[in-house]
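Below is one structure; the comments refer to it alone.
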Amino acid sequence: NIPNAKVDAYRMDWRTKFFAILSMPMVSSILMLGLLLGFYIEFNSPGFGLPGAVGLTCLLLIIMANLSLDIANWLEVILMLVGLTLIAVELALLPTGGILGFIGALFFIGGLFAIMLPGIDKIDFEFDTQTFNAAGEEFFKRLAWLCGTLVVGFVLIAYLSRYISPNLAGLNRLVLAGHEQEASEGFVAGEDPEDLPRLGTRGEVLATLRPAGKVIIEDQIHEAVTSGSFIEKGEQVVVDHIDGNVIVVRKITEEKGKV
């Protein structure tokens, strides 16, 4: 009813549109899945490579999207950075038997979940209509996507740990971990299979197997991997089998004298 009125509709610029797409529950869940798989493969392989880069990229996109749209605040980011710092200290500088790593993981997961599930303080249940308000509906929508992502992620991690991770961990990121030699049928990189320890030979873990690390067997230091689970430094292991030129070991259990 206002004469000569002109409506100037708001239009998002391309940056805001990009971050709005990244913050959508489906897209953010896909980024979360990339983060889980990337970090899992990176922690179970020596060095730093493509999986770690993918995981960090997904994490940065999640943080940037939520901060740019004022969905999250810096408190969640600080919690995540503190968590990552504690994990790095545990792995590289000050081993504490997993205490710092566990605390760091709690900080990181808490901050990540707070970013992925914003608006929890704005949820309100309307008794008149027996429904949640808009903030509550959006929260539970994101929660459903996140739960589905975690289920899919754990299934894929279980598959990777069973069938793929031991082989990936035996590779040393484009850097040859032993010596190189010519073979009658081609070229062999790494340790000579003839020099590897025999099946059933016992040894000790020198660098925690996650699942790749170093072991000492018959006074010789070798690169080795486990079949999936981590084995801490100082634990006794036995050679389970040889996969090409990769030593696969398992932990020696004390129960009933079995290995």
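The values are calculated or read from the model by the stated rules, or taken from the named source; none is laboratory data. These figures come from a predicted structure and were not determined experimentally. Note: ideal-geometry Cβ built from the backbone for every residue, glycine included; neighbour counts use all protein chains shown. Note: areas computed on protein heavy atoms with side chains; ligands, DNA, RNA excluded. Shrake-Rupley method; radii C 1.70, N 1.55, O 1.52, S 1.80 Å.
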Note to self: For region 117-164, which positions are farther than 28 Å from Pro211 by Cβ and among the aliphatic types (A, V, I, L, M)?
What the structure shows: Leu117, Ile120, Ile123, Ala134, Ala135, Leu143, Ala144
Notebook entry, point to check: Which condition does Asp8 not pass, out of (1) of a type in the set (Asp, Glu); (2) open to solvent by less than 90 Å² (accessible area, probe 1.4 Å); (3) more than 16 Å from the chain's Cα centre (by Cα), if it passes all the others?
Noted result: (2)
Margin query: Just to be sure before I move on: is Asn73 among the polar types (S, T, N, Q) and either under 13 Å from Met32 (Cβ atoms) or within 22 Å of the chain's Cα centre (by Cα) (or both) in the structure I sent?
Written below: no
Notebook entry, point to check: Of the residues that make up region 114-132, is at least one assigned to a helix (DSSP H, G or I), surrounded by fewer than 15 Cβ atoms within 10 Å (Cβ to Cβ), over 17 Å from the mean Cα position of the chain (by Cα) and modelled with pLDDT of 85 or more?
Noted result: no
Check: Can you name the helices (runs of 4 or more DSSP H) wholly within region 17-105 that have at least 2 residues being small (Gly, Ala, Ser) and surrounded by 15 or more Cβ atoms within 10 Å (Cβ to Cβ)?
Finding: 25-43, 50-68
